[in-house]
Amino acid sequence: MPPFVHRITKYDPVDRDERGHYIGVEEPTSDHGAVESAYLQAVAAFAGASGIGRLAIREPQLTGAVHFGLEPAVEGHGLVGLFPPDLSGFHDGAEVPLSVGLELVRAMLRDNGVWCRLEAEDRFAVHVGWDQYVYVSSDDPCESALARIRALGLFPERLQASPYEADFDGPGIQRPADENFWARLRWSIAMRQAALLEEEYVGNASRWHRLTENTLDAVRAKLTPRAKLTIWPDLSADVDTVLATLPAEGPVELVWEDGHGAIAGTVVDETGYQALAVQVTGARAAAALPLDIDSRNPLFTAVLPDSDGVLRARWRTEQTPSDRNWAFLQTLRRGQIVTGVVTEIASFGVTFVDIGGFTAMINAPELSWRRIDHPSDVITVGQEISAEVLDVDTVRERVSLSLKALQDDPMPQFVQQVGQVVTGVVTKLVPFGAFVRIEDREDGLEGLVHNTELSEPVADPEDAIQVGASLIVKILDVDPTRRRITLSHLQALAQGRA
């Protein structure tokens, strides 16, 4: 933030007690007159001295129930006449002329249900705090503005920093709504996991969109810049059951689709259930969403980046399991070595491994270069292993690992033995030949002796040989890519006679 920070107030510093609390007679509300005008002139003086003609709206919000201060409540949100009824143009990053910025300051001074930061990159910022405190930051000392403020009857005080400076180092994440996010959402819709998008276009205010694969692109095109997005499961068509299972007490957010297909939402408690039932008469579908953070479980979240792909909005979202998976997947890359613990060996042969709280999987062929009958031949549940990352799929949230990638492939050594005669053990007979283990170990590599390469032409290998028998064979070919070794008993005999 700019280095020169001043707090501007109507409260005389001499009217404070030893702890700095104001004990004078000034009311902590706007007079809608001379004092309010002085505040606006003070901000304008700072902007003029800093050469600022336009301001960017940052982190705009409606303050929930609109009326949050000591001022009389206003109809709406204090932005009437400044922005259209749908508040287009009042969003994070929107630039407005200084005149509109001053009107936003007026609305905040009056506690008219809106709040935002006003900034000009790293050169200038205006924050309005509780009880008629205004904080102006600038990259210039603005001595002329300070003199003007004193002449207006206000009191400027130099501070180290504004208490309303943006601080987003706390909990929460910033998952960008990038192409991976939209691919994830499209896949979730196809899998019938998700169908409802909450667009928080300003803080404490949302628009709702019910999604299908066919409408997703159109909804995406209409979203407010830098909006915070939350993805939910679909609404329930059983509206009566949704209403019947509302909590006995405490607020809840009800979202419904009316008979015309419009999506609406409202926060209500037990005192408003009867009126709510009338309001949603004829609704096609509905859902009740808890307001408590610990109980409010969306599928995943994101924040819209700017058109150039850069995420400049400073919104934070509460992490969902999917968001945590996404954040973890960003740390992985193909070829990376990870350590984990085997948590399950599925009946279909896939092994699941916990790698830092995320469950990755190893398909059976990636467990060993050698033939195995079951994954338990090489690993056990609870075993700590190291493996190589084969693939990271952020859409399906899957990570494939390979255990054998960290092992030496035994096959290349046999490439050097092509043409040699060795003795092996027959391990299996098939209609087209016999498999012979040519490596002296229980899980040794095997090659195929085709029927035509046995000692004499046979229709069935069992007519010439039995499992467990020793057999001399010649290594004809080794194909490491296809994992095939071709052998011949007939040529081994001929080479021995030669």
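The values are calculated or read from the model by the stated rules, or taken from the named source; none is laboratory data. Because the structure is predicted, anything quoted here is derived from the model rather than measured. Here Cβ is always computed from backbone atoms with ideal geometry, including for glycine, and neighbour counts include all displayed protein chains. Ligands, DNA and RNA are stripped out before the accessible areas are found, and what is left, the full protein with its side chains, is counted by its heavy atoms. Shrake-Rupley method; radii C 1.70, N 1.55, O 1.52, S 1.80 Å.
Out of everything in region 313-357 that is among the hydroxyl-bearing types (Ser, Thr, Tyr) and open to solvent by 50 Å² or more (accessible area, probe 1.4 Å), what residue ends up being nearest to residue 388 (Cα to Cα)?
First, pick out the residues of region 313-357 that are among the hydroxyl-bearing types (Ser, Thr, Tyr): 317, 320, 322, 331, 339, 343, 347, 351.
If we keep only those that are open to solvent by 50 Å² or more (accessible area, probe 1.4 Å) as well, we get 331, 339, 343, 347.
Values: 331: 14, 339: 9, 343: 17, 347: 23 Å.
Looking at the filtered set, the residue picked out is 339.
Only one of 234, 217 is assigned to a helix (DSSP H, G or I) and not hydrophobic (A, V, I, L, M, F, W, C); which?
Working: 234 fails: assigned to a helix (DSSP H, G or I).
Among 234, 217, only 217 is assigned to a helix (DSSP H, G or I) and not hydrophobic (A, V, I, L, M, F, W, C).
Out of 177, 147, which single residue is small (Gly, Ala, Ser) and surrounded by 16 or more Cβ atoms within 10 Å (Cβ to Cβ)? Outline the logic, then answer.
Values: 147 fails: surrounded by 16 or more Cβ atoms within 10 Å (Cβ to Cβ).
177 is the lone residue from the list that is small (Gly, Ala, Ser) and surrounded by 16 or more Cβ atoms within 10 Å (Cβ to Cβ).
Residues in region 488-495: is at least one out of contact with any helix residue (DSSP H, G or I) (no Cβ under 6 Å at 6 or more places or on another chain), polar (S, T, N, Q) and in contact (Cβ under 8 Å) with a residue 12 or more places away in the chain?
Looking for residues that are out of contact with any helix residue (DSSP H, G or I) (no Cβ under 6 Å at 6 or more places or on another chain), polar (S, T, N, Q) and in contact (Cβ under 8 Å) with a residue 12 or more places away in the chain, one finds at least one in region 488-495, hence yes.
Restricting to region 473-490, give me the number of residues that are farther than 14 Å from residue 417 by Cβ, open to solvent by 60 Å² or more (accessible area, probe 1.4 Å) and outside any loop (DSSP other than H, G, I, E, B).
2
Restricting the search to region 432-464, which residues are assigned to a loop (DSSP other than H, G, I, E, B) and farther than 27 Å from residue 416 by Cβ? Steps first, please.
Restricting attention to region 432-464, the residues satisfying the condition of being assigned to a loop (DSSP other than H, G, I, E, B) are 432, 438-445, 454-460, 464.
The answer is 432, 456, 457, 458, 459, 460, 464.
Go through region 212-269 residue by residue and tally those that are open to solvent by less than 50 Å² (accessible area, probe 1.4 Å) and of a type in the set (Val, Ile, Thr).
11
Pull up region 400-414, narrow it to residues that are touching a strand residue (DSSP E or B) at 6+ places or on another chain (Cβ under 7 Å) and modelled with pLDDT of 90 or more, then point me to the one that is surrounded by the fewest Cβ atoms within 10 Å (Cβ to Cβ). I'd like the intermediate steps shown before the answer.
Pass one, region 400-414, residues touching a strand residue (DSSP E or B) at 6+ places or on another chain (Cβ under 7 Å): 400-403, 405-406, 411, 414.
Still in the list and also modelled with pLDDT of 90 or more: 400-403, 405-406.
On the way: 400: 18, 401: 27, 402: 17, 403: 21, 405: 15, 406: 12.
Step by step, filter region 400-414, then rank; the result is 406.
Among the residues of region 160-171, is any buried (at least 20 other Cβ atoms within 10 Å of the Cβ) and at negative phi? Can you show your working first?
If we filter region 160-171 for residues that are buried (at least 20 other Cβ atoms within 10 Å of the Cβ), which is where we start, we get 162.
Going one step further and asking which of them are at negative phi, we end up with 162.
Yes, the conditions are met somewhere in region 160-171.
Just wondering, is there one or more residues in region 92-114 that are buried (at least 22 other Cβ atoms within 10 Å of the Cβ) and assigned to a strand (DSSP E or B)?
yes
Would you call residue 379 part of a strand (DSSP E or B) and either buried (at least 16 other Cβ atoms within 10 Å of the Cβ) or touching a strand residue (DSSP E or B) at 6+ places or on another chain (Cβ under 6 Å) (or both)?
Taking the combined requirement at face value, the residue does not satisfy it.
Kindly indicate the residue of region 1-52 that is at positive phi and among the small types (Gly, Ala, Ser) and also surrounded by the most Cβ atoms within 10 Å (Cβ to Cβ) among those meeting that condition.
Filtering first and then ranking leaves 51.
Please go through region 115-135 and give me each residue that is within 15 Å of residue 53 (Cα to Cα) and either assigned to a helix (DSSP H, G or I) or among the hydrophobic types (A, V, I, L, M, F, W, C) (or both), ordered by number.
Step one: list which residues in region 115-135 are within 15 Å of residue 53 (Cα to Cα), which gives 118-126.
Correct list: 118, 120, 124, 125, 126.
Determine whether residue 186 is under 16 Å from the mean Cα position of the chain (by Cα), open to solvent by 20 Å² or more (accessible area, probe 1.4 Å) and either of a type in the set (Val, Ile, Thr) or at positive phi (or both).
Details: under 16 Å from the mean Cα position of the chain (by Cα): yes; open to solvent by 20 Å² or more (accessible area, probe 1.4 Å): yes; either of a type in the set (Val, Ile, Thr) or at positive phi (or both): no.
Considered against the rule, which asks whether it is under 16 Å from the mean Cα position of the chain (by Cα), open to solvent by 20 Å² or more (accessible area, probe 1.4 Å) and either of a type in the set (Val, Ile, Thr) or at positive phi (or both), residue 186 comes out as no.
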